[in-house]
1. Compute the accessible area per residue over region 1-46, keeping the other protein chains in place, probe 1.4 Å, unit Å².
2. Take the solvent-accessible surface of the protein heavy atoms, probe 1.4 Å, and return the percent of it on region 14-61 that carbon and sulfur atoms account for.
3. How far apart, in nanometres, would the label points at residue 89 and residue 143 be if each is projected 7 angstrom from Cα along the Cα-to-Cβ direction?
4. Debye calculation, C-alpha points only, no solvent: report log10 I(q)/I(0) for region 1-51 at q = 0.29 Å⁻¹, in the same order as the q values.
5. Efficiency by 1/(1 + (r/R0)^6): what FRET value for residue 33 and residue 117, r their Cβ-Cβ distance, R0 = 22 Å, to the nearest 0.05?
6. Going 7 Å from the Cα of residue 66 toward and past its Cβ, which residues in region 40-58 have a backbone nitrogen under 19 Å from where you end up?
Amino acid sequence: MIELSPARRRELRAAAHHLNPVVSVAGNGLTQTVLGEIDRSLQAHELIKIKVYGAERGDRDALMQNICDALGASAVQHIGTILVVWRERREEELATTAPKTTTSNSPRAATAKSARAFAAAARRTALIKAAADKKRLSEKRSRSLSRKPGPLGGK
């Protein structure tokens, strides 16, 4: 398990605030399948929330410890039935899953993005769309002002 400094833990808690849980642990508990899904989610996102159903606080603490020990992750926060876990993305797993090609015309391998990258892309897209809408509206207004009255006397 990776130990985090208080400042880093605070940053991760703030970054995790808007996230939704990506993995749920229910009646069967922490099975190998659930661990595998948590591992894949950590590899893809680095910072994830896990929702735990039907467990007491002590059981949830033990569950958080088991997840962190099994996957080499770090516990960020435990509030109610939500566990927040962080692990740095493992580069060797990316290298084995996506072999590199040297040809320039081959499609690029998909790379996992963090939640921050997705949020930044969404903000850029929204700003571009807003600018285009504003430009289109101003052009429409200028066209309507420059029209000459029709043959029916002002309409």
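The values are calculated or read from the model by the stated rules, or taken from the named source; none is laboratory data. Values in this document were obtained by computation on a predicted structure and should not be read as measured data. Note that we place each Cβ from the backbone using ideal geometry, even for glycine, and neighbour counts take in every protein chain shown. Accessible surface is based on the protein model in full, side chains and every heavy atom, while ligands, DNA and RNA are left aside. Shrake-Rupley method; radii C 1.70, N 1.55, O 1.52, S 1.80 Å.
1. For region 1-46, the per-residue accessible area is 63 Å².
2. Result for region 14-61: 47 percent of the exposed heavy-atom area is carbon or sulfur.
3. Each label point is offset 7 Å from its Cα along the Cβ direction, giving 4.3 nm.
4. Each listed q corresponds, in turn, to -1.13.
5. Working from the Cβ atoms, E equals 0.20.
6. 40-42, 49-58
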